[in-house]
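Every number in this text was worked out from the coordinates using simple rules, so none of it is lab data. Given the structure is predicted, the values throughout are model-derived calculations rather than measurements. With ideal geometry, Cβ positions are generated from the backbone for all residues, glycine too; neighbour counts draw on all protein chains shown.
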């Protein structure tokens with residue numbers, strides 16, 4: 001009889017140990033859901049496919065054809081983006097920080113912000129809309145506009161300009177690596193780094209115009225107090241960890257995509273020559 005009483009006590013900690021990873025996985029998925037990562041990945045895929053068509057025209061003379069389309073479809077697989085980001089989110093946001101982030105993003109303000117960001121990201125792929133967003137920033141730049149000050153505070157809290165510039169430069173470098181490894185050009189690593197380094201000022205200027213324009217457009221429906229609430233969250237440990245995870249995760253995904261894209265371009269160029 002004693003064993004009947006002891007057995008549940010022995011199994012209870014084991015059941016908790018088994019449940020802990022399942023709970024952690026479930027909460028990680030909740031975080032992915034409130035961030036609407038799947039939706040973002042589809043938007044980024046659409047952007048990437050448009051860019052691939054530009055590459056086809058500019059670098060392959062428009063001769064990529066069905067084979068090129070199959071390659072870029074595989075490269076811009078949304079699941080690749082989401083799984084890469086998941087790893088960074090799980091590493092950066094654990095325990096209380098994960099729960100604080102979920103609570104904020106699931107709130108009225110947080111959910112509205114995610115919806116506005118995604119809608120603006122999808123809209124700004126239209127060149128006319130992007131131009132209008134950049135023009136709006138140019139009109140406000142250097143002024144004492146209160147909304148511009150809020151956007152600046154948010155950008156500075158996440159070090160968004162420098163992080164975007166670093167990610168863009170790394171993506172450009174990976175694209176050159178892909179071209180070189182695919183046999184389309186002969187450049188040393190030092191030459192590639194110098195090429196990318198020479199683009200830094202131009203990238204920084206372009207990034208500043210795009211980012212301010214995008215955020216001004218995205219948050220235009222928000223009340224000032226709602227945006228202040230977001231800025232306050234962005235300055236917390238959880239908010240800064242979320243920012244790191246998003247930049248590092250998307251940066252890693254884009255680096256991988258850029259290398260694969262460069263290599264695919266190179267292989268198509270070499271095949272044309274043969």
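Listed values, structure above:
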read-out	value
Estimated FRET transfer efficiency when R0 is 35 angstrom, pair residue 25-residue 77 (beta carbons, to 0.05)	0.95
Sites residue 228 and residue 119 - FRET efficiency at Förster radius 22 Å, r taken between beta-carbons, to 0.05	0.55
Residue with peak Gaussian network fluctuation, the chain [Cα springs, cutoff 10 Å], from 154, 31, 140	140
Cα gyration tensor shape of region 19-83, rounded if a/c is under 1.5, else prolate or oblate by comparing a/b with b/c	prolate
Sequence of 124, 151 once ranked by neighbouring C-beta atoms within 10 Å, starting from the fewest	124, 151
Contour minus Cα-Cα distance for residue 141 and residue 235 (0.36 nm per residue)	31.5 nm
Over the chain: Kirkwood hydrodynamic radius from C-alpha pairwise inverse distances, Å	21.1 Å
Tilt relative to the chain, helix 95-106 - C-alpha long axis, 0 to 90 degrees, to 10	70 degrees
Neighbour-count order for 130, 191, fewest beta carbons within 10 angstrom listed first	191, 130
Cβ-based exposure ranking for 68, 210, in which fewest neighbours within 10 Å come first	210, 68
Estimated [θ] at 222 nm from DSSP helical runs (n ≥ 4, -39500 (n - 2.57)) normalised by residues in the chain, nearest 500	-29000 deg cm²/dmol
Nearest-ten-degree value, helix 224-234 long axis tilted from longest Cα axis of the chain	80 degrees
Net lengthening on full extension, residue 161/residue 107 (0.36 nm per residue, minus Cα-Cα)	16.7 nm
Residue 205 paired with residue 57, simple spin-label distance in nm, labels 7 Å along Cα-to-beta-carbon	2.4 nm
Principal-axis tilt of helix 37-59 within the chain, Cα atoms, nearest 10 degrees	20 degrees
Computed FRET value (nearest 0.05) for residue 126 with residue 33, which takes r as the C-beta separation and R₀ as 22 Å	0.20
